[in-house]
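In what follows, a single structure is set out as structure tokens and then discussed.
Coordinate-derived values only; no laboratory data. These numbers come from a predicted model, not from an experiment. With ideal geometry, Cβ positions are generated from the backbone for all residues, glycine too; neighbour counts draw on all protein chains shown.
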Amino acid sequence: MSGERILVNGNHAAAYGVRLARPMVVPVYPITPQTPIVEKISEFQAEGQMEVELVTAESEHSAMSACITASLTGVRVFTATASQGLMLMHEMLHYASGARAPIVMVNVNRTIGSPWGFWPDQTDSLAQRDTGWIQYYCESGQESLDTILQAFRVAEKVLLPAMVVHEAFYVSHSLEVVEVPAQELADQFLPPFTPPHRLDPEIKESWGNTVNQDMFYRHRKTLGEAMDNALAAAKEADADYRALVGRGYGIIEEYRCDNPEIIIATMGSMTGTAREAVDELRAEGLAVGLLKVKLFRPFPLKDVRRALTGVPKVVVLDRNFAPGTGGFLHQEMKAALYGMSDGPEVHGYLAGVGGTNIPPAKIKDMVREALAEKAAAEPVWKG
């Protein structure tokens, strides 16, 4: 039951992950740079490699509406989008989590307007962090493929939608050799979706009724509990996937974190570049480590605190920007570490916003700067 190794771009790798997950309904609306994902799924359907209902919508808002209604009937549902498409979905993202619909969606990070651009920037998905969606950030096509299967497993266990995110061009259009697990292994890891509640005349349940204040309060409380439960579910899914397929990623990754003087924290494709910087700095005699945050929602607060306990300094690299507060990961890290007596000094850098290139040499410069200076209250811009 070994898999096959193929040379594909990151978007097509994601499509192979979707094929393995066997969704029954895939509402689609094309947008650069996501379109190759749904194009490849349509090829799989046309070639008889997938039994799936493709729903061509007139907008991303309609596509997510179709996802919700299909999911509520009890079938597995997938879609993909990017940038302005995700912005247009915003209202329906709240509806999806409120409906407890375990949709899985790939978002390909792209700058949001205005001005107009097509470059990698995580602001589009991070701006949706409070919509009640689980969020995974991937650094390669292989990781996206594997994470799609894990995301379906977690989403269907806790009954919340999940977003699998990778960046435009650095991942979406870059070629790499990926391993596609055998379908038998995928089926073993991800059994058919059988929800406890669904729209079915035999069950006689409904959805979308007006509720009173107390019912809404209780509903939001249980949604929060489901998000809390997603942490353990994500760890379990990753461990089971590693045991079955031989690959796993964890909800965070610690790289060369043995007695570090300083740790670089980031997520997404910049992680690979940061690894190179860590290796070079270690070769130069600096005790530097790397913390990759893969699961951003729910935020792995306890894991991050454990990883950074006793570490003098942490450099947070953000390929995103929230006007008025700075980098999203920088905000989350400061909140997570607040009150720790032995927590690190947190240095925030807006690095790679808008897709600007951040090579290892520039990351090394930021590390040296952070080692020599006290952390500023505001994040520092680095092109």
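Note down all Cβ pairs under 6 Å where the first residue falls in segment 191-218 and is under 27 Å from Arg19 (Cβ atoms), the second is surrounded by 11 or more Cβ atoms within 10 Å (Cβ to Cβ), and they're at least six residues apart or on different chains. Pairs found: Phe193/Arg76; Phe193/Glu156; Pro195/Gly74; Arg198/Thr73; Arg198/Gly74; Leu199/Leu72; Leu199/Thr73. The set of residues in segment 317-354 that are touching a residue at least 40 places away in the same chain (Cβ under 8 Å), closer than 20 Å to Asp130 by Cβ, out of contact with any helix residue (DSSP H, G or I) (no Cβ under 7 Å at 6 or more places or on another chain) and surrounded by fewer than 23 Cβ atoms within 10 Å (Cβ to Cβ) contains only Gly326.
Count, please, the residues in segment 25-67 that happen to be within 21 Å of the chain's Cα centre (by Cα), assigned to a loop (DSSP other than H, G, I, E, B) and touching a residue at least 12 places away in the same chain (Cβ under 8 Å). The total comes to 5. Yes or no: Lys221 free of Cβ contacts under 8 Å to residues at least 40 places away in the same chain, within 17 Å of the chain's Cα centre (by Cα) and not in a loop (DSSP other than H, G, I, E, B)? No, not satisfied. Of the residues making up segment 122-158, those that are acidic (Asp, Glu), over 16 Å from Thr271 (Cβ atoms) and in contact (Cβ under 8 Å) with a residue 40 or more places away in the chain are Asp124, Glu156. If you go through segment 224-261 and keep only what is in contact (Cβ under 8 Å) with a residue 24 or more places away in the chain, surrounded by fewer than 15 Cβ atoms within 10 Å (Cβ to Cβ) and part of a loop (DSSP other than H, G, I, E, B), you end up with Arg247, Asp258, Asn259, Glu261. Counting the residues of segment 161-177 that are aliphatic (A, V, I, L, M), over 12 Å from the mean Cα position of the chain (by Cα) and not in a loop (DSSP other than H, G, I, E, B) gives 2.
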